[in-house]
Amino acid sequence: MTRDPRYDILFEPVRIGPHVARNRFYQVPHCNGMGHRDASALAAMRGMKAEGGWAVVCTEMVEIHHTADVSPYVELRLWSDHDIPMLARIAEKVHAHSSLAGIELCHSGYTASNLATREVPIAASPMPTASYFNDPVTARGMDREDIRNLRRAHRQAALRSKQAGFDLVYVYAGHGLGIFQHFLSRATNFRTDEYGGSLENRARLLREVIADTKDAVGDACAVPVRIAMHEFNGSAGLEPAEVEDAIAMMAELPDLWDLSLSDWSKDSQTSRFAEEGFQEPYIKGVKKLTTKPVVGVGRYTSPDAMVRVIRQGIMDMIGAARPSIADPFLPSKIEQGRLDDIRECIGCNVCVTHDFTMTPLRCTQNPSMGEEWRRGWHPEKIRPKEEDKHILVVGAGPAGLEAARALGQRGYQVTLADAAAEAGGRVARECRLPGLSAWSRVRDWRMLQINKMPNVSLYLESEMTPETIAELGADHVLLATGSEWLRDGTGRHFVHPCPAADSADVLTPDDIMAGRRPGSASVVLYDDDHYYMGGVLAELLAREDHAVTLVTPAAVASSYTKASLEQKAIQARLLKLGVRIIANHAVSAIARDHVTLDCVFTGEPVRLEAGACVLVTSRRPVDGLWHALEGQGVAASRAGDCFGPGTIAAAVHSGRKFAEAFGKPTPDFLDLPFRREVTALS
């Protein structure tokens, strides 16, 4: 297959300072939960992006000094020469595929609490540090000597970056995380000296550091600037017009402008709250201010949308973080005319959650993400089968679909059966909930790939029993039969069933997704799951004119979604829809016309009138068939929610894991199933 001429413009080279990018695909800096802890895994992940055709591949933020310590988050560090070899490995992996390697140097200012180094944080102006944990730490305002030292530290980091082999050396003023943004914004700069007050003064340090960096790297490296176009604080902070004025002051000084929004939750909005290209209104004015290349993001997966923003002069290069995670080979697939093979990002932000949890990056669509070095997985390749086998996969949800697809790619004969009338399992149900339509891509991409494979057969409306399985005579059975939501209220807070009257109207998410609705207008939704399901069902019922009260033992609604950058948006939407939120309480009993709530701190009961209760607490595997087969000695395995209920990403990964391991000897329980890197002792 060959490239559609409509997309030729995406493969034009772009000059960035002394270097030329071979196309317009630019993997912007993004975090990954690996950082300085997982050197080889991180380098392999970045190298995979380059192999997939991204002309520029950048690191995450790289701490330039021990006063920029963002512990417990695991980012990269360039505190001393000791860090150069690790960073050089990243650049080497990127260069192996003729891509340019970029490094995002960062001092986080008052957003670095220095918990590991125990240094007093520095900031444009004195203020409490901003952190996920509300650390009891205050940053001191910088004096002129501090500013001189910061410039020295950034220059030294630039020299080390050059030594490590990077082609692009960033000056970072974005996402509310870079100290140069803190100087630029009146929301964080209250100075009265030459670095405060007017825009010219507030931009002074950024201009100086750009010049310092260009002087340090000379003709060896390009110097991009990543800048926040909007802080969404009104006139109290940065707004596009003022940022454009600042860019105009320095228009030709850097070699590229990388545009973002602030904070990160605005920059990486989920598909539940923003469409593809959602940043365009904030960045479309910059191209007219500079002759230097402009990069922007917006969760672009459509090549037609990419061509449009280039032709309209909104940007010169297509920036991406999440789409490059979901499909590292997105550029190659466009170039090869394989558009239907693009594994499109669903905008769920599972990738982001693993920066917050300080664990290696993963993706709902791409189960190989973060496993390139650790398990040796590749997003496009898998080893061929060792011998002919017929595998029956029961359940066409995310785990079953991925297992069948990957086993089919290996060359096995696969029969995929599901009792439902449509494939997709939980994905087919959940993608019909408000804001989650993009999640159908998990099913659709796998179905498209499976339909191309003559060795994989799908049978819907096919209830499998031990008898029908025996009749089929497969060599191995994989059960991916999913899970179900519990109706008894057990979860994290209460591990024993919640007493409920026989006359009480009690529903589960499965009931709601199957079309059943509360018999009363007044509904209590009890969320002890804390991820998206409780909030999205509350939204659904409120939009259907139910009077909804969301009760949660947590301090806020959908508390885990802080990690996916959605919690504030979810709670704001619920409040605007009239949903009442009662935090720090748990449902302890359900009657026909009311529920009893217990305060999680005092245990004091509260009566709350309600005609129905929706319980979003926990799930249990649907594994009856597994136990039946186990009792008969049938060769069978489990995957996905049938093995252990989790995220859709976990289910997809489980399916891939089975397909990768099938045909290999079963490892001993004590054997480590993946590689890990152990720090050498000094």
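A few points about this structure:
- Hydrodynamic analysis of region 485-620 uses the Kirkwood radius over alpha carbon pairs. Inserted into Stokes-Einstein at 10 °C and 1.306 mPa s, it gives a translational diffusion coefficient of 110 µm²/s.
- For Met369, nonlocal amide neighbours, meaning residues 5 or more places apart or on other chains whose placed amide H falls under 5 Å from its own, are Cys363.
- Fraction of the pair-distance distribution of region 5-356 above 40 Å, Cα-Cα pairs, percent: 6 percent
- Relative contact order (%) - region 5-356, alpha-carbon pairs under 8 angstrom, separation at least six: 17 percent
- Rounded, prolate or oblate (a/c below 1.5 giving rounded, otherwise prolate when a/b exceeds b/c) for region 1-105 by Cα gyration tensor: prolate
- Mean sequence separation of contacting Cα pairs (under 8 Å, at least six apart), scaled by the length of region 465-566, corresponds to a relative contact order of 21 percent.
- Each distinct pair of alpha carbons in region 562-662 adds a 1/r term; the inverse of their mean, the Kirkwood radius, is 17.8 Å.
- Amide H to amide H distances under 5 Å link Thr138 with Thr129, where only residues 5 or more positions off or on other chains count and H is placed in the peptide plane.
- Summing Cβ point charges (Lys, Arg +1; Asp, Glu -1) relative to the Cα centre of the chain gives a dipole of roughly 1140 debye.
- Unit charges on C-beta of K, R, D, E only; dipole of region 485-620, Debye: 340 debye
- Members of Lys389/Lys452; Lys284/Lys333; Lys333/Lys381; Lys266/Lys287; Lys214/Lys287 lying beyond 25 Å, as alpha-carbon distances in this model show: Lys284/Lys333
- Only Cα sites of region 314-463 enter the Debye sum here, all with the same form factor; the resulting log10 I(q)/I(0) across q = 0.14, 0.17, 0.21 1/Å is -0.76, -1.09, -1.44, listed in q order.
- The angle between the Cα long axis of helix 440-451 and the longest principal axis of the Cα atoms of the chain comes to about 70 degrees, rounded to the nearest 10.
- In straight-distance terms, cross-link reach from Lys562 covers every one of the aspartates and glutamates whose alpha-carbon lies under 14 Å from its own, apart from those fewer than eight places away in the same chain; here that gives Asp263, Asp355, Asp529.
- Residue exposure sequence - Glu276, Glu119 - by fewest surrounding Cβ within 10 Å: Glu119, Glu276
- Put simply, the amide H of His390, placed in the peptide plane, has neighbours under 5 Å in Asp475, His476, leaving out anything fewer than 5 places away on its chain.
- Remark: Ser588, Ser113 ranked as Ser588, Ser113, counting other beta-carbon atoms within 10 Å and listing the fewest first.
- Radius of gyration, Dmax [region 408-556; alpha carbons; angstrom]: 19.2, 54
- Between helix 144-164 and the chain: long-axis angle, C-alpha atoms, 0 to 90°, nearest 10: 70 degrees
- Put in order of Cβ neighbour count within 10 Å, fewest first, the listed residues Trp445, Trp257, Trp54 become Trp445, Trp257, Trp54.
- Taking all Cα pairs closer than 8 Å and separated by 6 or more residues, the relative contact order of the chain comes to 11 percent.
- To the nearest ten degrees, helix 532-543 and the longest principal axis of the Cα atoms of the chain are 80 degrees apart.
- Per-residue ³J(HN,Hα) for region 70-84, Karplus 6.51 cos²θ - 1.76 cosθ + 1.60, θ = phi - 60°, Hz, x for Gly and Pro: 9, 3, x, 5, 10, 9, 7, 10, 9, 6, 7, 4, 4, 7, 5
- Euclidean distance of C-alpha centroids, region 132-209 and region 299-374, integer Å: 30 Å
- Since only Val556, Leu42, Ile450 are under comparison, the one whose Cα sits farthest along the positive direction of the charge dipole of the chain, derived from C-beta charges on Lys, Arg, Asp and Glu, is Leu42.
- Note, ³J(HN,Hα) from phi for region 218-231, Karplus 6.51, -1.76, 1.60, rounded to Hz, x at Gly and Pro: x, 8, 7, 9, 7, 10, x, 10, 9, 9, 7, 7, 7, 9
- Backbone HN-Hα couplings from phi across region 341-354 [Karplus 6.51/-1.76/1.60, Hz, Gly and Pro as x]: 8, 5, 8, 6, 4, 9, x, 8, 6, 4, 4, 5, 4, 8
- Where Rh is the Kirkwood radius over Cα pairs, Rg/Rh for region 213-334: 0.98
- Overall Cα dimensions of region 503-552 - principal axes, largest extent first, Å: 26, 20, 19
- Other residues whose C-beta falls under 11 angstrom from the C-beta of Gly197 contribute a net charge of +1, scoring Lys and Arg +1 and Asp and Glu -1.
- Computed over the chain, Kirkwood Rh from alpha-carbon pairs, angstrom: 26.8 Å
- Beta bridge orientation in region 485-620: antiparallel %, DSSP, nearest 5: 40 percent
Values in this text are rule-based calculations from the coordinates and carry no lab data. From a predicted model like this one, the values you see are computed outputs, not experimental measurements. When we count neighbours, we look across all protein chains shown, and the Cβ atoms used for this are built from the backbone with ideal geometry, even at glycine.
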